[in-house]
Every structure is written in structure tokens, then in C-alpha cells.
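A short write-up of the structure that comes next.
The values are calculated or read from the model by the stated rules, or taken from the named source; none is laboratory data. Computed from a predicted structure; not experimentally measured. Here the Cβ positions follow ideal geometry from the backbone for every residue, glycine too, while neighbour counts run over all protein chains shown.
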Amino acid sequence: MSTENTPIGSVASRREFLKSATAATAAVAAVGITPVYGQNQAPSANVIGANNRITIGHIGVGGQGMAHVNQMKPKHGDNNTASIAVCDVSKHRQNFAKDAILKGNDSGKVDTYGDYRKLLERKDIDVIVCGTVDHWHTKVSVDALNAGKHVYVEKPMTRYLSEAFEIYDTVKKTGKILTVGSQGCSDMKWHEAARLIQAGKIGPVVMSQGSYMRNNPKGEWNYSIQTWCTPEDTDWKTWMGHVGKKVDFNADHYFRWRKYYPYCSGLLGDLFPHKLHPYMLATGNPEFPTRVACVGNKALHTDKHTPNTPERDVPEIVQLIAEFPSGMVMHITSSTVNEEGSQEMIRGHKANLTMAGNKVELKPQRAFADQIDPYTSPAFPGENLPNHHKNWFDSIRANKQPNAGIDLAVKVQTVISLAEMSERFSIMCNFDQKTRKITDGTGKEVKPLTYGSHPLS
């Protein structure tokens, strides 16, 4: 019998496996997404009916915010949605987003706001998309949830750890549906991996490894500074918000904010979520970490190759190791100075899973080769933003948790926040999920980073 696409164990179990694999593949073909394996569904208040139009307010319409505007617009008909309002601290960006939504749709109406709270006051807006700078994610999301809106918040979900639990507690209190913008969670290969793992096909998970690598000789995130960005156009005081280290109007900070600690944790906030969310989802039972260690550096000083920009606060290379209660150890690497990635792999005691070519391939360990057959899944469509949007809209209508819902997101943010503290303070961070307290290797409690707690916060 051929081992290609052949599952594991006895003939009976193999038959059951094939049935479930066929069902999963059919679901993917039908809608492009399937439910998250192993995640609980939570109730939501004021569920939007399956046939009702969902109205969207966009808060923060810079580069990432406009990606959502541009990707949602062509799918408004399919998803029965409508973008009806935009908000940004920049008047230029408000008008640019409005024009983009209205282009080719002269009968529509889009209102613009400089104060997101005015947008949230509108009873005719059902959901918001938060594409702001990271340090505004929590305030916007919590206020939106309390105003009765469902929330799509860009990654990372929050800037600091205490904010992650503030959002978590607010989601649980309001019953609203929140998803995080890590679209890899709606890539079905990770759900297939979760199904295999939860079925015991690779034995206990012992390790996982992945990477997100780039190589930018002129320094990552040194985006072009636009002439329209002036103190007259941009509400700088509002943009700065509640960061501890405030500066006067600075276009470099405005466009290149990912380089600077008061607004972002760099690679940990930008690229790591795209790996942490899927890998933790793929276990089928995402956990809080028990301890996290992280190292990084900026030895190449790539910013010197872009004129008139300060050197970044954040590292150019980062390596993270996290341990979980189940015993799994996760190793994720990211870089802006070398683009070669590591093999994407989840290692079990009995077999390994690899995800090359957007297929999930199961290979038994030598010691278990007589017990376990190899298996290769069908090829899944690659990750894309429209599928992730659709999952959120479908989840709102079906009153269920989305693929990147709060129960996964709060655990991912815990890893990110502990990693930032580990790297910046040169410590191992231990975490107690019951008390939400952090300790170092000696057992001494460490106060989490937050606004104003450090010179670069």
C-alpha cells in the first residue's frame, strides 16, 4: 500500500483518519477556512444576523490600515459588509482613505474623523478595524469593545503585557468578537497540523521551530517621509498618546515608529506574531508560557545607510526560546540583516511535522517507524488577508471564536512581552498564569514593562 496521503496506526484508525482528512479538505475547498482545532467557542452579545450587513469603521489608516481598506473593499459584496467611516490623526490620511473607499462607488458615503471616540459614538457602526500605531491598540480596542463594537486589531495585539489582560478581560466582559491581524491563523495548514497533533499522531509535542527573516541593507522600516506630514496636518499630541518618552513633532518617528521602543518592540512586535500565532494555534491547545528567554543585537548598524535617520532602539536580529507547561519548547528567529530562514517544523516524540510547499508532511522518528506511517496532506491555499477578514465576519455572525481570537492572542502577547523584557534586561522571565506575575531566575518578582517604567517607554 502506498504511504502517500496515508495516515497512522491500525486499519480502522486509518479509515477514520481518511474520513476526517477528506472532510477537512472539502471544507477548505468550500469556504477557504475551517474552525480552529481545540479552541473553545465563547458567546457574544448582540450577535449580527447571518443576512445583516456589517458596517465597518477604520481607525488608523496608514500603511497597514490602508491594506485593510483596500483588501476589504473588493469583498464587501461577498461578505455583505460596508466601510462607512475612517479615523486618523492625519487629515491627509483621512481623505486618502475616504477617496479610496468611494472610488468607483459614487453612491456611497464615508465620514472622516480625527477623534476615534466620535466614530465609536455612532450606533450604525458594528465593527472597527484598528490599524493604529502599537501604543494605541489597547485604548482603541477596549473603548470599541465597551461601545458594543466587534474588533479587528492589528498585531501585536498590545504594546505591553498588562494591556493584553485589559483587552482579554474586556472581551470576556462584553462578549464581543475580537481577532488579531495575524492572517497566518487562517492558513489551513496550521489547522491540519493541529488536527494531527490533537489526534496523537506525532506523540507529545517536544519542540517547534520557525523564522521570519528579511535583509534590508538600508535598515528595515526606514520608510519614505512624506511632505504632507506637517504639524498642521497631523495631530501630534494625540499620536504620542500615553507614551512615557514624549518628543516634539518628528516625522521620522511618525513614519519609522517600528524602530523606536516607546511605540514598538521592533521585530518582536512586527514579525514574531506572524509565527507565534500559527505555531501556538497548531498545538491545538495554546498555552501560556512558563518561561521565556530572548537575545538580540544591532551589530550591523544598518540605519547609517539611510541619511538623516537616527539609529534604531530595537535589535536587528532576535532569537526567542519559550517553554510551555506541556513541555514544548519553541524557538523562533527573526532578522532584518539576513533573509535565510530555518525549516518550519513541529517536533513530536514519535514524528515530526513540516510545512514546506503549504502541505503538512508527517515523518516518523526512526524509533517509531514500525508504528507510524508517513503522511502528506493536500496542498492548502497560502495565507491571505481576505480569508482572515472573512473568518472574522463569519465568526461574528456565527457567534464563535475566530482563528486569531482572544484566547490565543493573550497567550501570544504574553510570549512577546516576556521576550522583550528578557532581551532588554538580560534576564530569564518566568510567568505564573494564575497570578499573572513575572519572576526572574532567582524567584524575585519583576515588574512588567509599561509606559514610563523605563527611559525608552
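In table form, for the structure just shown:
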| read-out | value |
| --- | --- |
| Filtered residue count, segment 434-448, keeping only those that are under 24 Å from Ser326 (Cβ atoms), of a type outside the set (Asp, Glu) and out of contact with any helix residue (DSSP H, G or I) (no Cβ under 8 Å at 6 or more places or on another chain) | 6 |
| Criterion (within 27 Å of Arg159 (Cβ to Cβ) and not aromatic (Phe, Trp, Tyr)) met by exactly one of Lys245, Lys189, Lys201 | Lys245 |
| Members of segment 280-312 that are free of Cβ contacts under 8 Å to residues at least 40 places away in the same chain and either surrounded by 23 or more Cβ atoms within 10 Å (Cβ to Cβ) or assigned to a loop (DSSP other than H, G, I, E, B) (or both) | Lys298, Ala299, Leu300, His301, Pro307, Glu311 |
| Residue pairs meeting the criteria (Cβ under 9 Å; at least 6 apart or on separate chains; first closer than 17 Å to Met72 by Cβ, in segment 137-157; second of a type in the set (Gly, Ala, Ser) and at pLDDT below 95) | His150/Ser44 |
| Identity of the residue in segment 380-427, among the charged types (D, E, K, R) and in a loop (DSSP other than H, G, I, E, B), that ends up farthest from Ser162 (Cα to Cα) | Glu383 |
| Restricting segment 429-457 to residues that are aliphatic (A, V, I, L, M) and assigned to a loop (DSSP other than H, G, I, E, B), the residue that is surrounded by the most Cβ atoms within 10 Å (Cβ to Cβ) | Leu449 |
| Of residues in segment 104-130 being touching a Phe, Trp or Tyr at 6+ places or on another chain (Cβ under 9 Å) and not in a helix (DSSP H, G or I), the one farthest from Arg159 (Cα to Cα) | Val127 |
| Per-region count, segment 226-258, residues β-branched (Val, Ile, Thr), in contact (Cβ under 8 Å) with a residue 60 or more places away in the chain and part of a loop (DSSP other than H, G, I, E, B) | 1 |
| Residue match in segment 184-196 (condition: under 17 Å from Ile396 (Cβ atoms) and out of contact with any Leu (no Cβ under 7 Å at 6 or more places or on another chain)) | yes |
| Qualifying position, being at pLDDT 95 or above, over 30 Å from Ala322 (Cβ atoms) and not charged (D, E, K, R), among Cys229, Cys264 | Cys229 |
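Residue-by-condition table, conditions (1) part of a helix (DSSP H, G or I); (2) closer than 30 Å to His349 by Cβ; (3) modelled with pLDDT under 95; (4) assigned by TED's automatic domain parsing to the domain that holds Gln343:
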{"position": "Leu196", "(1), (2), (3), (4)": "yes, yes, no, yes"}
{"position": "Met213", "(1), (2), (3), (4)": "no, yes, no, yes"}
{"position": "Lys218", "(1), (2), (3), (4)": "no, no, no, yes"}
{"position": "Ser224", "(1), (2), (3), (4)": "no, no, no, yes"}
